[in-house]
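Below you'll find the structure, written out as structure tokens, and then a few comments.
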Amino acid sequence: MQYFSTRSKTETAAAAEAILQGLAPDGGLYVPAAIPDAQLDDAALLSLDQYALTAHILKKLLPGVPNIAASVEAGYRGKFEGEDLTPTVPVQNAHVLELYHGPTSAFKDMALCLLPYLVAESGKAVGQKEDVLVLTATSGDTGKAALAGFANAPHTRVMVFYPDGGVSEVQRAQMVTQEGDNVCVAAVKGNFDDAQRGVKEVFSAFKGTHVRLSSANSINIGRLAPQVAYYFKAYADLRRQGTVKAGEQVDFVVPTGNFGNILAGYIAKKMGLPVGTLVCASNENDVLTEFLQTGVYDRRRTFHKTASPSMDILVSSNLERLLYFASDGDDALVASLMKDLSEKGFYKVPDALLQKIQSEFACGKADDAQAFDAIRRVWEEEQYLMDPHTAVAWRVYEDYRKKSEGRRAVILSTASPYKFAPAMLTALHIEVPESGFRAMELLHERTGVPVPAGLASLKEKAVRHKDVIDPKAMLSYVEEKSLQESWR
Ligand SMILES: *Cc1c(COP(=O)(O)O)cnc(C)c1O
């Protein structure tokens with residue numbers, strides 16, 4: 001099975017090459033020529049544990065990438081808080097799929113624990129000799145998840161740039177204490193866009209040199225594929241609990257930013273999982289909600305800083321893949337829509353395409369006040385604590401369930417509440433202390449919910465990465481670092 005660029009089917013690559021490249025040369029995203037059938041009937045689905053299930057799905061989506069089962073073992077085993085990597089927990093009349101029990105307490109671990117192994121194996125598959133250097137600019141969460149995923153992974157190095165003063169105290173501590181001989185972290189004197197621009201410049205400057213650069217960004221197909229697997233796992237959990245009958249459809253409600261998580265649910269559906277409606281939940285940055293209602297995607301709008309920062313986004317990259325699939329692979333249409341987006345700042349999809357998308361997706365939005373209200377109510381009624389991103393989805397679910405025709409719903413939970421302790425205290429009407437670490441302690445004292453080990457131990461950890469650099473110095477910094485034998 002080949003991969004195509006969403007913008008031109010003549011731009012093809014094998015799965016391994018697509019993983020190594022990240023973005024297609026024409027700026028499009030890689031998509032499988034056809035979404036494969038999972039070939040999992042009910043009995044087969046229930047017979048596999050999460051490791052075997054994940055390997056099964058990855059083999060279907062990434063043919064030709066060697067040693068997938070071993071990669072799943074190495075990537076996941078021993079790195080999560082419990083035996084069950086992604087528990088499906090009943091809350092009121094719904095289920096919450098907890099995706100945050102990995103090393104950094106956020107759902108990006110689900111993909112970034114596996115990506116380094118997929119990158120290393122892909123490198124072997126294409127006969128590459130040199131190590132891969134992964135560069136990432138981060139506004140907080142992705143950087144830490146990439147560091148934790150790639151730390152000490154074979155044949156890879158990872159370098160993360162974050163805006164100096166632009167991430168929370170806890171996020172910074174998570175990054176600068178990262179251990180591993182192949183990791184490097186630097187603060188950039190500027191904002192996230194400066195760091196992002198710097199990384200792009202490094203990418204173009206290194207083109208054609210001996211250094212193989214790659215990105216841990218969510219447009220990489222190697223990040224998307226592992227996310228498909230946990231939809232199957234959640235469905236299997238509902239079957240085992242007796243919540244649904246074989247083949248019965250389940251709705252999934254997803255707190256959405258870059259559209260990667262929810263697109264993985266769409267791919268799971270196309271692979272044969274009985275998915276009903278996919279509900280896209282937005283915070284005040286509601287560009288996707290508006291698109292799903294009107295067919296117009298318009299990024300010319302005010303950017304809101306919210307209590308669910310990982311969903312604060314104006315350009316949702318993975319939506320491009322949905323446009324491709326839902327238009328039955330109309331690459332010319334996708335290319336022209338993306339051109340409109342970059343040149344005019346908006347695009348409008350044809351009515352027939354909008355109707356097709358609306359037949360599979362619902363949407364809704366919740367602002368901070370609504371999300372905080374949901375956090376407090378669910379805590380008071382159920383003693384169940386959800387983070388502000390999950391709470392956006394929960395609130396959207398509360399509106400949606402009135403029209404869901406009684407179908408079962410799973411709400412995807414994307415972060416530990418302890419990653420956003422100050423916001424949690426605000427939601428619970430508890431006074432917020434100045435220190436982020438103290439906020440975590442206080443949230444624990446008041447709720448009794450255990451603090452994830454990786455966050456609890458942060459305060460004691462030694463700072464290993466102290467470099468602060470000018471955005472203009474990023475290129476020379478990467479050049480110099482890439483020549484060093486070790487970053488110990
Ligand atoms: C990245 C992230 C999201 C958004 O996921 P997308 O795949 O970008 O839609 C939601 N919640 C949290 C906590 C995240 O880190």
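Points worth noting:
- Overall form of the stretch 81-184 per C-alpha gyration tensor (a/c, 1.5; a/b vs b/c): oblate
- Unpaired cysteine residues in the chain (no second Cys Cβ under 4.7 Å): Cys113, Cys184.
- Principal axis extents of the C-alpha atoms in the stretch 334-379 (largest first, rounded to whole Å): 46, 26, 12.
- Here's the list of aspartates and glutamates a cross-link from Lys200 could span, going by alpha-carbon distance under 18 Å and ignoring same-chain residues fewer than 8 apart: Asp26, Asp470, Glu479, Glu480.
- Value of D in µm² per second that Stokes-Einstein yields for the chain, Kirkwood Rh from Cα pairs, at 4 °C (1.567 mPa s): 57 µm²/s
- Whole-Å distance, taken between Cα centres, linking the stretch 255-287 and the stretch 375-450: 20 Å
- When the charge dipole of the chain is built from unit charges on Cβ atoms (+1 for Lys and Arg, -1 for Asp and Glu) and taken about the Cα centre, the candidate among Ala462, Leu224, Thr426 whose Cα reaches farthest toward its positive end is Leu224.
- Quick note on the stretch 261-317: its Rg to Rh ratio, both from C-alpha atoms and Rh being the Kirkwood radius, is 1.03.
- Size of charge dipole - the stretch 1-140 - debye, nearest 20, with Cβ of Lys, Arg +1 and Asp, Glu -1, no other charges: 380 debye
- Cross-link pairs Lys60/Lys348; Lys59/Lys233; Lys305/Lys365 - those with Cα-Cα distance over 22 Å: Lys60/Lys348
- Assuming charge only on the beta carbon of Lys and Arg (+1) and of Asp and Glu (-1), the dipole of the chain about its Cα centre is about 520 debye to the nearest 20.
- In the stretch 222-330, the convex hull through the Cα atoms has an average projected area of 7.9 nm², a quarter of its surface area.
- Rg(Cα)/(2.2 N^0.38 Å) for the stretch 338-488, N = residue count: 1.50
- The charge dipole of the stretch 369-488, taken about its Cα centre with unit charges on the Cβ atoms of Lys, Arg (+1), Asp and Glu (-1) only, comes to about 300 debye.
- Antiparallel beta bridges, as assigned by DSSP with both residues in the chain, represent about 30 percent of the total such bridges.
- Where only DSSP H runs of four or more residues are counted, the chain gives -13000 deg cm²/dmol as its mean residue ellipticity at 222 nm, each run worth -39500 (n - 2.57).
- Reach of Lys466 by Cα under 18 Å, taken over lysines that are not fewer than 8 positions away in the same chain: Lys144, Lys189, Lys481
- If R0 is 30 Å, the Cβ-Cβ spacing of Gln92 and Val432 corresponds to a FRET efficiency of close to 0.60.
- For the stretch 121-228, the convex hull spanned by the alpha carbon atoms encloses 109 Å³ per residue.
- In terms of packing, defined here as the mean over residues of other Cβ atoms within 10 angstrom, the peptides 266-274, 420-428, 290-298 line up highest first as 420-428, 266-274, 290-298.
- Segment Lys403..Lys207, full-extension length gain: 65.4 nm, with 0.36 nm per residue of separation and the alpha-carbon distance subtracted.
The numbers here are math on the coordinates, done by the rules we state, and not lab data. Because the structure is a prediction, the values reported are computed rather than measured. Note: ideal-geometry Cβ built from the backbone for every residue, glycine included; neighbour counts use all protein chains shown.
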